[in-house]
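The values are calculated or read from the model by the stated rules, or taken from the named source; none is laboratory data. As the structure is a computational prediction, the values presented were derived from the model and not from experiment. Cβ placement follows ideal geometry from the backbone for every residue including glycine, while neighbour counts extend to all protein chains displayed. The accessibility values were calculated without ligands, DNA or RNA, using every heavy atom of the protein model including side chains. Shrake-Rupley method; radii C 1.70, N 1.55, O 1.52, S 1.80 Å.
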Protein chains: 2
Amino acid sequence: MLDQALTRQLRRIVGETHYRDDQEALVAHSYDGTPMLQSLPDGVIYPENTRQVAEIMKELAAHRVPLVTRGSGSNLCGGTVPVQGGVVMVMHRMNRILDIDLENLTAVVQPGIITAEFITHIESLGLFYPPDPSSMRISTIGGNIAECSGGLRGLKYGTTKDYVIGLEAVLANGEIIRTGGKLMKDVAGYDLTKLLVGSEGTLAVITEATLKLVPPPKSKKTMLAMYKDLYGAARTVSRIIEAKIIPATLEFMDNPTIRVVDDFAKLGLPRDMEAILLIEQDGDPEPVERDMERIREICESERADRVEVAQSREHAEKLLTARRSAFTALARLRPTTILEDATVPRSRIADMVLRINDIARKYDVSIATFGHAGDGNLHPTATTDARDPEEVHRVEQAFEEIFEAAIEMGGTITGEHGVGLVKAPFLEWKIGRAGVDVMRGIKQAFDPHNLLNPGKMFAKETRKRVVINRG
Amino acid sequence: MLDQALTRQLRRIVGETHYRDDQEALVAHSYDGTPMLQSLPDGVIYPENTRQVAEIMKELAAHRVPLVTRGSGSNLCGGTVPVQGGVVMVMHRMNRILDIDLENLTAVVQPGIITAEFITHIESLGLFYPPDPSSMRISTIGGNIAECSGGLRGLKYGTTKDYVIGLEAVLANGEIIRTGGKLMKDVAGYDLTKLLVGSEGTLAVITEATLKLVPPPKSKKTMLAMYKDLYGAARTVSRIIEAKIIPATLEFMDNPTIRVVDDFAKLGLPRDMEAILLIEQDGDPEPVERDMERIREICESERADRVEVAQSREHAEKLLTARRSAFTALARLRPTTILEDATVPRSRIADMVLRINDIARKYDVSIATFGHAGDGNLHPTATTDARDPEEVHRVEQAFEEIFEAAIEMGGTITGEHGVGLVKAPFLEWKIGRAGVDVMRGIKQAFDPHNLLNPGKMFAKETRKRVVINRG
């Protein structure tokens, strides 16, 4: 429970109705998109502008109360679960587009805007903002920045980090900083902009972002390549890159994912295939045409069973939507879905998928794998039941071994979902003790009293998952 | 003078001949590409591998001796002048390409390799590494990473930061960390890779870098647009971007630069023009053709006096080389050349050039301006004489006002050259007191005893330039 003097101050700052500590509000903000994690906050606050955020943070700092900032809470790493209580700050009221600059090709937005709404608006102006996480219809730009979200277009266009060129942020002590700007280049000191992207709300609260926009591609083609041989699919990925073609999208679904997605989206996908690649190229019409032709040849030479080019934009959208719905579709199978994010050099995709299958068999758990093959970013997804602790334990053991395999192959424990609570015990596997120490030092420099999203990214020695029923 | 026990240890680590403290070695490493700055180190060391770097740094840390790491010292911010003495570590012996991976399109290199040699090798394999600082024939990849160097291809392809995806680095205490990898995505903790890029040797010593390579463009066209009206040239820049064309190169030279470059390179450039734009587009042949046609129309509608398309690759190379030689050409005019790096949103290019001219007149100094117009990154360059302190003082006042103007226009004090010694007094203008405090906190976390390139980036209150004769 927060002390009364503090809650009075918080209500004064945002107005009576924008601070809540009723049970309903607390429960609603006790979890996020990540299964099996829940922890009640002491209060929930909805600021309207940067000044309010700064005032809130000054008050919380004075009272040494933790702050967890969130958008829609669609993250999958437990990034916004308030494990140490305190105040959850919801950014949805700060959802305006402040500026779109056609001469500089930049947009300035508040963090609470929904990603898909921003993208729709940008596209209506004939411009393009590439980062497209699968959660984009509910996630916010602020959340995307906090997690450095990727998406289906990451291979060619990069991730959120590549489009954030300036930030306004409030520090733990309530001071406001501004980094970067409408600038394509800025080397004035350490790159705080890129440091804050992906910092998961542990260093500062982002209150405004300047985003780089790019010209939209003039045309786009979508292709589905279907394989009875998993290795053929994986070799196709490497051979496309070796042929010096960087497709806009190069997605992978394994057989269990294909079946589930097809049940869900009713696309008539071939249920007997071991793997499907969903490939898109965009750009000027002639090179797109040439690239797709060359890609088709590569698919065929790697013994794809069928190669289909989408005959209309609607058909292509359907295929993309099907891929985007993989998580949702898998989530229908059993009460609990755990979607992971292991990433390897793209040349190791096949090895990694086979290794995941071996590990799933070893622990007798059900794992479907899909993901951004061109990036080497796989999402092995376990369907399980949180009410069965013994099975959940086996799932956790399996994922532990999957992370280990990713690291062994020169990969990482998370490609686009973040560390949060779930990956914290594994961070050291990727960056070593000295690396974690450096990161802790950075955290200490920004947030000496450990008030911003405490308990995330840095783990105590032992792994801990608070298992609850959501079935 | 270093204590004898330490120098014995250093000689033991690298071998007798690779540690020097003779006067010749000390003087040769007392300055860099930046005019009017000099300070003698106590010793110069040439490590051969990461293990030696780590051992050296452990020794220096134990003795609390400063370390300045350098490649070729071509930087323009005083970044490698050992202002607090100590040891200069020269990375030229660590100049190997360790791995080129065609499946993942990555290269792993040691920091001491010369940028142009690396690029030549990469291009011989049919691949492309875009960052091309004008100093690339002498600069090293390690130096480029330390300064986050840009270049002529920055507009379309980004700068060094965009191509560094993994690092091995040695911390101040001699511990080795590895960040990133052959990975297109990695969000395991704070982005130490991007933090180290552009950190100017103040946080760690880079001993290995994993670089992203890209497919080379299939064709390229080069165009020169000449203007009697400066505003016409500047408007052309904005209108090209507004037309949703991102050229590979979009360079600007003002009249004084044109004259000097033509004297130097004998290209028959029109000496009566107020401005020249050097424009390149690359990519597949058809879109390049279309873009160049559209760019020509824009140039003409903005009343370009002449528009010429290079008729051969040789001619195009000549034009590019001429632009790259601007600094060298200007340096022939008078004994001292001070090249600055103010950057503004690209829509403000014309305002900024006019403002620079006003300021030059006000202080009665001679400033020529050229630079990367598409990035808003200008290099106002003063030709002066370090032996005339009164004139130098006026030059410094002029630059101070130029930085102020850049900040006023939403710009920054440095786009690609770094802060070093020269911009340190101005850093706070760009990022504010709270921003500088955060950066100091990061520095403290990495380097608690302030041994890595001390005196750089963070200034004492007063501006200080050690003026010496080099005439």
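Odds and ends about this structure:
- In the range A:168-182, burial by the other protein chains removes 10 Å² or more of accessible area from A:171, A:175, A:177, A:178, A:180, A:182, compared with the chain on its own (1.4 Å probe, ligands and nucleic acids ignored).
- Highest average packing first - A:372-378, A:347-353, Cβ atoms within 10 Å: A:372-378, A:347-353
- Only protein atoms count toward the accessible area here, which uses a 1.4 Å probe; on the protein assembly as shown, the carbon and sulfur part of that area reaches 48 percent.
- Amide H to amide H, with H built 1.01 Å from N, residue A:106 comes under 5 Å of A:101, A:213, counting only residues 5 or more places away or on other chains.
- Listed cross-link partners A:212/B:456; A:228/B:218; B:218/B:244 are compared with a 27 Å cut-off, the Cα-Cα value being larger for A:212/B:456; A:228/B:218.
- Computed over the range B:219-325, the ratio Rg/Rh where both radii use C-alpha atoms and Rh is Kirkwood: 0.94
- Taking only the C-alpha atoms of the protein assembly as shown, the Rg (one decimal) and the largest Cα-Cα distance, Dmax (whole number), read 27.8, 83 Å.
- Restricting the calculation to alpha carbons of chain B gives Rg and Dmax of 22.3, 71 angstrom.
- With its label point defined 7 Å out from Cα along the Cα-to-Cβ axis, residue B:404 lies at 6.4 nm from the matching points of the other copies, in increasing order.
- The base-10 log of I(q)/I(0) for the range B:1-216, evaluated at q = 0.08, 0.13, 0.18 Å⁻¹, reads -0.27, -0.70, -1.27 [Debye formula, identical scatterers on Cα atoms, solvent excluded].
- Secondary-structure-derived ellipticity at 222 nm for chain A, considering helices only, amounts to -11000 deg cm²/dmol, per-run term -39500 (n - 2.57) for DSSP H runs with n ≥ 4.
- In the range B:329-419, the alpha-carbon atoms span a convex hull of 85 Å³ per residue.
- Value of Rg/Rh across the range B:45-139 [Cα atoms, Kirkwood radius]: 1.04
- List of the range B:282-312 residues, accessible area with partners at least 40 Å² below that of the chain alone (1.4 Å probe): B:284, B:286, B:290
- Straight-line cross-link partners of residue B:194 among the aspartates and glutamates, defined as a Cα under 15 Å from its Cα and at least 8 positions apart when in the same chain: A:162, A:186, A:191, B:147, B:162, B:168, B:186, B:208, B:416.
- Contact surface A-B: accessible area buried, both sides summed, square angstrom, 1.4 angstrom probe: 6200 Å²
- Residues along the range B:408-434 losing 50 Å² or more of accessible surface when the other protein chains are present rather than the chain by itself (probe 1.4 Å): B:430, B:434
- Taking every protein chain into account, the accessible area of the protein assembly as shown amounts to 35 square angstrom per residue (probe 1.4 Å).
- Candidate cross-link partners of residue A:266 among the lysines, defined by an alpha-carbon separation under 20 Å and a same-chain spacing of 8 or more, comprise A:318.
- Shortest-first nm distances, residue A:289 label point to equivalent points in other copies (7 Å, Cα→Cβ): 1.2
- Spherically averaged projected area of the range A:238-386 from its Cα convex hull (nm²): 9.0 nm²
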